[in-house]
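The values are calculated or read from the model by the stated rules, or taken from the named source; none is laboratory data. Worth saying up front: this structure is predicted, and the values here are computed from it rather than measured. Cβ coordinates were reconstructed from backbone atoms using ideal geometry, including for glycine residues, and neighbour counts include every protein chain displayed. The area values use the complete protein model at the heavy-atom level, side chains included, leaving out ligands, DNA and RNA. Shrake-Rupley method; radii C 1.70, N 1.55, O 1.52, S 1.80 Å.
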Amino acid sequence: MVRKFVFGEPIETEAVIDQVGIEVLQGGTSFPDQWQVVQAETLTLTHCMEPGERIYGLGESMRGINKRGFRYVSWNTDDPIHTEDKESLYGAHNFLVIQGGVCQGLFVDDPGRVSFDIGFTVLDRLEIRVDSGSANLYVIDGEDILDIVRQFRRIIGRSYIPPLWGMGYGQSRWSYPDVESVREVLRRHRENHIPLDAIYLDIDYMEKYMDFTVSEERFPEFAVIVSEMKQQGIHLVPIIDAGVKMEPGYRTYEEGLEKGYFCRKEDGNELVVGVWPGKTHFPDVLNPEAREWFGNSYQPLMDQGIDGFWNDMNEPAIFYTEDRLLDTFEQLKSFRNTDMDLQEFWRFVGLGPALQNNQEDYTLFYHNMNGTLVRHDRVHNLYGYNMTRAAGEAFDRLRPDQRILLFSRSSYVGMHRYGGIWTGDNQSWWSHILLSMHQMVGLNMCGFLFVGSDIGGFGSNASEDLVIRFTEWGLFTPLMRNHSSLGTVCQEGYAFSRPEIFAHIIGLRYLFLPYLYSEFMRAALQGEMYFYPLAFLYPGDEMACRVEDQLFVGQSMMIAPVYEQNARGRYVYLPEPMKLYRFRSVHEYDTEMLSQGHHYVNCELEEVLVFVRQNGMIPCTWFAEGEQPVNIDSVLKADSLCLMCYASEPIRYTLYRDNGLDKDYTAPGKWVSIETDEDGQVHVSDGNTKILHLI
């Protein structure tokens, strides 16, 4: 059951799109008894947590899967140093579920600053504060966590579905600055037999960092290059940033200026901010007309053959505003010939850092939302969502029958309908493997299924063993992309001493892809999750509820990645008997039957652990002896499957198969039933699908 409580005059975010069957009530005394509500200048909700209650959700955030014990602030933030003390990251996902004395979901639908103090200030107190004082609060009661998540997913709409090639392996770096470097990336992947489907283009492909342009010097005849890559099974995926460079003669700038589609200050002048290109304007993507215009701006690149994009810097990130920069120059004059004491020195060195993403700058400009001017800080968390929405809606107009790859750095609930996300500028730290695992669960709860983290870490220098272990985790995430920063060591698989390890590990992605894709489509089309913590599937098992470093991928496969340096194994807890597969390549593996309980399992650097649940089935691509996957075509062209099974009785699996490109997801024949009988024989409902081998 879903109830909507209206407090004050909330801004409609369009996060919730299905209001059918939702009881609408005015906030206040009618709110559930377990909450104390105080509505004044801010809106504050307080819940006294019982000792055993767990709090799940909040999408992309720091700390564990159970969010109890810390403070989280929904304020989309460009901060690349994801340490445990950070309260805000790139996304705002204000949905949580309480499990314990009550089982209840709560979505705080407000696009401004919202704080969640979950036993941080006071050990047993959950306090939610909405700075604006207004919000739509959705309370969801259900049988269990998964029931609540399903109800929430129903009202916020279906998750974005990428083209199948977008679930292949992608290689990225800031930056591959010219066509020869792109060709080199492809050549070295092929020479080392490392599968590859996409090469990502960071900001250096542009002319002067201007959106929707291509440098003629570095990428001459771009359409020819795009076609050349596609003929070799590679999709080029360029970045698009939020800021539009102020440059006479630049079409996007001049059109936006002429039509009044940029964000303005209170005095009516366009806001001037500094980002990659220097001085820029922000498109007012919260204005429906401006959003349509900006979305149509993707068309020139699409006309040259591009069929995938990643949106960045859309929190929006601000290096400086022109107003603050000029003021800083004036302040610097006061430090000439000054004998600075400690306080003066701190003030002096703080002037530079105070320029970037200064919170006061987010109060300087406004959005035209259907004729009403709204100050940016009141709707800050909607900007990245609507930038990606602009693209997604344009793709539906420009290519109505084709899936276009699209994901974003910044987001709010609702953006999940238009694109996926990556978890931003993580670091080459072992702890960020585990952090990524934790984030995937919260994001799935909020409808974001096409998700992933930069494999190997974006910032800092990565060691070979770290990238191997990161890849072993990343091969299960729907978005599988290795990405690293300018100035760091190269972390392409071929750049290390043993590229064959990367060839074998990434090859496993294509082995498992029939199952991974089916579980993704099931989650998207049926409002389910793709990643499950053990607590969600075994809520009555206290030990399972404590485990946060093992995940189910779909409902048959459990994974337990190694995320500690020099580890050659790890402890696992099995809530039921399972069959362990220890893979070293698409052809080399061994199996072991494990009982319910605690185990230490060996896992060498080049090994990947996969556990199959009792009466579980995992359909895989069949590769003949000596055959190695090259790209997604290796999966699409295969008409034969092998099955990983742990059966104590006849079992059934429903496989999703299509061409990976069209949008007719529910057409007959997309779902294929695979069953085993009491004699262990396999029966398939589709005569075109062959089962060659049981493993």
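Here are the numbers for this structure:
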read-out	value
Any pair with Cβ under 6 angstrom, 6 or more apart, that starts in the range 263-282 at a residue that is among the acidic types (Asp, Glu) and ends at one that is part of a strand (DSSP E or B)	Glu270/Phe262; Glu270/Arg264; Glu270/His281
Selection from the range 422-455 of residues that are within 21 Å of Ile505 (Cα to Cα), aliphatic (A, V, I, L, M) and either under 12 Å from the mean Cα position of the chain (by Cα) or part of a loop (DSSP other than H, G, I, E, B) (or both)	Met437, Met440, Val451
Residue check for Val73: within 21 Å of the chain's Cα centre (by Cα), part of a strand (DSSP E or B) and closer than 23 Å to Ala544 by Cβ	no
Failed condition for Met302, given (1) out of contact with any strand residue (DSSP E or B) (no Cβ under 7 Å at 6 or more places or on another chain); (2) open to solvent by 50 Å² or more (accessible area, probe 1.4 Å); (3) at pLDDT 95 or above	(2)
Candidate set from the range 654-672 (those that are hydroxyl-bearing (Ser, Thr, Tyr) and touching a Leu at 6+ places or on another chain (Cβ under 8 Å)); member that is surrounded by the fewest Cβ atoms within 10 Å (Cβ to Cβ)	Thr666
Boolean, Asp677 is open to solvent by 10 Å² or more (accessible area, probe 1.4 Å), out of contact with any Pro (no Cβ under 8 Å at 6 or more places or on another chain) and at negative phi	no
Residue ranges of strands (runs of 3 or more DSSP E) in the range 1-47 with at least 1 members within 18 Å of Ser115 (Cα to Cα) and open to solvent by 30 Å² or more (accessible area, probe 1.4 Å)	36-39
Evaluation of Asp109 against (1) open to solvent by 10 Å² or more (accessible area, probe 1.4 Å); (2) closer than 22 Å to His416 by Cα; (3) of a type in the set (Asp, Glu) (one fails), failing number	(1)
Every residue from the range 650-667 that is polar (S, T, N, Q), in a loop (DSSP other than H, G, I, E, B) and at pLDDT 90 or above	Asn659
Residue in the range 147-167 that is free of Cβ contacts under 8 Å to residues at least 60 places away in the same chain, open to solvent by 30 Å² or more (accessible area, probe 1.4 Å) and more than 26 Å from the chain's Cα centre (by Cα) present	no
Some residue of the range 243-255 being in a helix (DSSP H, G or I), within 25 Å of the chain's Cα centre (by Cα) and either surrounded by fewer than 17 Cβ atoms within 10 Å (Cβ to Cβ) or among the hydroxyl-bearing types (Ser, Thr, Tyr) (or both)	no
Subset of the range 39-59 (residues that are under 17 Å from Asn136 (Cα atoms), at pLDDT 95 or above and aliphatic (A, V, I, L, M))	Leu43, Leu45, Leu58
Residue match in the range 467-481 (condition: over 22 Å from Tyr589 (Cβ atoms), at pLDDT 95 or above and open to solvent by 10 Å² or more (accessible area, probe 1.4 Å))	no
Residues being in contact with a Ser or Thr (Cβ under 9 Å, 6 or more places away or on another chain) and crowded, with 24+ Cβ neighbours inside 10 Å - total across the range 372-389	7
Subset tally (residues that are within 14 Å of Val73 (Cβ to Cβ) and part of a strand (DSSP E or B)) for the range 106-143	10
Residue satisfying all of: in the range 584-595; more than 19 Å from Asp549 (Cβ to Cβ) and not hydroxyl-bearing (Ser, Thr, Tyr); surrounded by the most Cβ atoms within 10 Å (Cβ to Cβ) among these	Val586
Candidate set from the range 493-506 (those that are of a type outside the set (A, V, I, L, M, F, W, C) and open to solvent by 10 Å² or more (accessible area, probe 1.4 Å)); member that is nearest to Leu434 (Cα to Cα)	His504
Subset of the range 48-98 (residues that are more than 25 Å from Gln151 (Cα to Cα), among the acidic types (Asp, Glu) and buried (at least 20 other Cβ atoms within 10 Å of the Cβ))	Asp78
Any pair with Cβ under 9 angstrom, 6 or more apart, that starts in the range 220-236 at a residue that is more than 12 Å from Val179 (Cβ to Cβ) and ends at one that is hydrophobic (A, V, I, L, M, F, W, C) and open to solvent by 50 Å² or more (accessible area, probe 1.4 Å)	Gly233/Val630
Selected residue [modelled with pLDDT of 95 or more, small (Gly, Ala, Ser) and surrounded by 21 or more Cβ atoms within 10 Å (Cβ to Cβ)] from Ala567, Ala535, Ala544	Ala535
Top-ranked residue in the range 310-351 [being in a helix (DSSP H, G or I) and touching a residue at least 24 places away in the same chain (Cβ under 8 Å); ranked as least open to solvent (accessible area, probe 1.4 Å)]	Thr328
Subset of the range 168-206 [in contact with a Gly (Cβ under 8 Å, 6 or more places away or on another chain), assigned to a loop (DSSP other than H, G, I, E, B) and either within 30 Å of Ala15 (Cβ to Cβ) or open to solvent by less than 10 Å² (accessible area, probe 1.4 Å) (or both)]	Ile194, Pro195, Leu196, Asp197
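Residue by residue, here is whether (1) under 25 Å from Leu435 (Cα atoms); (2) outside any loop (DSSP other than H, G, I, E, B) holds:
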{"residue": "Gln491", "(1), (2)": "yes, no"}
{"residue": "Arg509", "(1), (2)": "yes, yes"}
{"residue": "Tyr517", "(1), (2)": "yes, yes"}
{"residue": "Met529", "(1), (2)": "yes, no"}
{"residue": "Leu580", "(1), (2)": "yes, yes"}
{"residue": "His587", "(1), (2)": "no, no"}
